Amino acid sequence: MLLTILDTAKHLIDTAHKIAVSTPTLKEVVQDVAKPESSTYDNIMDVLKVLSGGLFGALVTNFFNKRSNKIQKMYCYYIDDDVKSQMPVQTAAGQHQNYHFKEFLLENNTNKDISEFKIIFEFDAQSSIIAKHSICKEGYDVLKCKQSKKNNECIFVIKHFNRKDKVTFQFEIADILNNVCNITEAGVTGFKIHVKDRRKPKKPAEIKIVDKSKIV
């Protein structure tokens, strides 16, 4: 009886050993895959090449196509203003109820060089643009304002506006009532002008109060 049990146990141990020897371990499978000469390695690498070259390449192409084709934002910064007079003033154009100064900075912050486009400034409906100036890399007032039929509107044509280029626009405007403004682009596609207020708070001019005898 004891001998029978021992024989059976020995048989089970031998069988388990044979199964263990004939079955590859996880480590052996990984090592086999890692061998460049392995057929399994070749198959996996072929699949990865197809995925990386096809799917990944398509994803990258799609990403850059969307990025280059989407409508971009070009910023025009409102950088300064001043009320020259709140009282009636006389100019060459006639008498006006008030007189204002406004300054804007347009920057090409897109990823494109733009050959030509128009930028249109429009202020209060009843206002009048008395003077307008431009400052760009070519010089002062090289960009000429094309006066529209409306006294409150001015159109500039900008050419060869490369990335990071800037243009400053200055206006003297009379008869402002509601102090509104609209700036938009025309004759171009691919971007929209967005206005940002970057005016800095102005400190009041310092004044020293002295005795009458100190005034000289």
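Among the candidates VAL195, VAL157, VAL188, single out the residue that is part of a loop (DSSP other than H, G, I, E, B) and surrounded by 14 or more Cβ atoms within 10 Å (Cβ to Cβ). Before you say what the answer is, go through the steps one by one.
Values: VAL195 fails: part of a loop (DSSP other than H, G, I, E, B); VAL157 fails: part of a loop (DSSP other than H, G, I, E, B).
Of VAL195, VAL157, VAL188, the one residue that is part of a loop (DSSP other than H, G, I, E, B) and surrounded by 14 or more Cβ atoms within 10 Å (Cβ to Cβ) is VAL188.
Here are LYS144, LYS159, LYS132, LYS202: which of them is under 25 Å from the mean Cα position of the chain (by Cα) and among the basic types (Lys, Arg)? Let's see the steps before the verdict.
Working: LYS144 fails: under 25 Å from the mean Cα position of the chain (by Cα); LYS132 fails: under 25 Å from the mean Cα position of the chain (by Cα); LYS202 fails: under 25 Å from the mean Cα position of the chain (by Cα).
Result of the check over LYS144, LYS159, LYS132, LYS202: LYS159.
Checked against the criterion of being among the basic types (Lys, Arg), in the same structural domain as ASN182 (by TED's automatic domain parsing) and not in a loop (DSSP other than H, G, I, E, B), the candidates LYS118, LYS112 yield just one match: LYS118.
The values are calculated or read from the model by the stated rules, or taken from the named source; none is laboratory data. Since the structure is predicted, the reported quantities are computational estimates derived from the model, not experimental observations. Quick reminder, even Gly has a Cβ in these numbers, built from the backbone with ideal geometry, and neighbours come from all protein chains shown.
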